[in-house]
Each structure stands twice: as structure tokens, then as C-alpha cells.
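**Student:** My questions all concern the structure below.
The values are calculated or read from the model by the stated rules, or taken from the named source; none is laboratory data. Remember, predicted model here, so these are calculated numbers, not experimental data. Counting neighbours? That spans all protein chains shown, and the Cβs are built from the backbone with ideal geometry, glycine included.
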Amino acid sequence: MTTDRVRIERGSGNVFADLGLPDADAHLLKADLVARIDRIVRERGLKQVETAKLLGLSQPDVSRLLRGNFREYSMERLLRLLTALGQDVNIVIRESRSEQPGRLSVEA
């Protein structure tokens, strides 16, 4: 039995940045929005066909979205899907509290 050394590296909190993808903050924000959509659908016990009708999507599109295939969705479209699910969406812009560049985040 061989034992290979495994190197463990602490992530930044943004897997998209850790993978070196461009627009990592935007990808993370979109992932957070999709996770919120998924949580609402599960909490309500909605089937994908019911969700599709509410969101104005096809059932296969809902399936792809909830499985994490959201690259083709803009943030604006994801926000509209949340409002279709009865969620209020507030966009707040405020000055960063640090010297670092501002950040994008979702609070729910």
C-alpha cells in the first residue's frame, strides 16, 4: 500500500476565483442566486413542471438551471426569476468599508 502525500490548500471562499476563471465574483453571485432559487423551490415542494410555469421556462431549462448550468443566464434574468417566485429583490450600493475593491454579495 502506497501513501501519497496530499497537499491541502485553503480556498479563498470563491471556487471560481480559485479555479482562475474570469469574472469570478459574478459567477459566485450567480451561483448564490441559483442556490436561493433552488432553496425556494425545495421549500415549497414544487415539481420542475410547476416551477417552469411559474418562471416562464421549459422543464428541461429548470432542470439544467437547478443542476448548476446557469452560465447562459444573466444576473438580471436570475433576479427576475426570484421575483417570479415572490421574492423582493433590493440592490444596495454602498461605499466599501476597506481599502480593498468593492465586492458583490447576496444577503437572504
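**Student:** What pairs can you find where one residue is in segment 87-101 and loosely packed, with under 10 Cβ neighbours inside 10 Å, the other is part of a loop (DSSP other than H, G, I, E, B), and their Cβ atoms are less than 6 Å apart, with a gap of 6+ or different chains?
**Tutor:** Qualifying pairs under 6 Å: SER96/GLY102.
**Student:** Tell me yes or no: at least one residue of segment 65-74 is part of a helix (DSSP H, G or I), free of Cβ contacts under 8 Å to residues at least 40 places away in the same chain and surrounded by 15 or more Cβ atoms within 10 Å (Cβ to Cβ).
**Tutor:** Step one: of segment 65-74, the residues part of a helix (DSSP H, G or I) are 65-66.
The next check asks that each one be free of Cβ contacts under 8 Å to residues at least 40 places away in the same chain; those that pass are 65-66.
This time we only want the ones that are surrounded by 15 or more Cβ atoms within 10 Å (Cβ to Cβ), so: 65-66.
Checked against the condition, which is being part of a helix (DSSP H, G or I), free of Cβ contacts under 8 Å to residues at least 40 places away in the same chain and surrounded by 15 or more Cβ atoms within 10 Å (Cβ to Cβ), segment 65-74 yields at least one hit.
**Student:** Any idea which of (1) modelled with pLDDT under 95; (2) in a helix (DSSP H, G or I) is the one LEU21 doesn't satisfy?
**Tutor:** Just one mismatch for LEU21, condition (2).
**Student:** So, one more: Please give the number of the condition LEU29 fails out of (1) modelled with pLDDT of 95 or more; (2) surrounded by 14 or more Cβ atoms within 10 Å (Cβ to Cβ); (3) assigned to a helix (DSSP H, G or I).
**Tutor:** (1)
**Student:** Among the residues that make up segment 52-69, is at least one of them among the small types (Gly, Ala, Ser), closer than 17 Å to ALA35 by Cα and touching a Ser or Thr at 6+ places or on another chain (Cβ under 7 Å)?
**Tutor:** Scanning segment 52-69, I find at least one residue that is among the small types (Gly, Ala, Ser), closer than 17 Å to ALA35 by Cα and touching a Ser or Thr at 6+ places or on another chain (Cβ under 7 Å), so the answer is yes.
**Student:** Is one or more of the residues making up segment 41-56 within 25 Å of ALA17 (Cβ to Cβ) and either crowded, with 17+ Cβ neighbours inside 10 Å or of a type in the set (Asp, Glu) (or both)? Explain how you work it out, then say what you get.
**Tutor:** Initial filter on segment 41-56 (within 25 Å of ALA17 (Cβ to Cβ)): none.
So far as segment 41-56 goes, no, none of its residues is within 25 Å of ALA17 (Cβ to Cβ) and either crowded, with 17+ Cβ neighbours inside 10 Å or of a type in the set (Asp, Glu) (or both).
Rundown of residues vs (1) closer than 29 Å to GLN59 by Cα; (2) not small (Gly, Ala, Ser), yes/no style:
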position	(1), (2)
ARG10	no, yes
ALA35	yes, no
ASP38	yes, yes
GLY45	yes, no
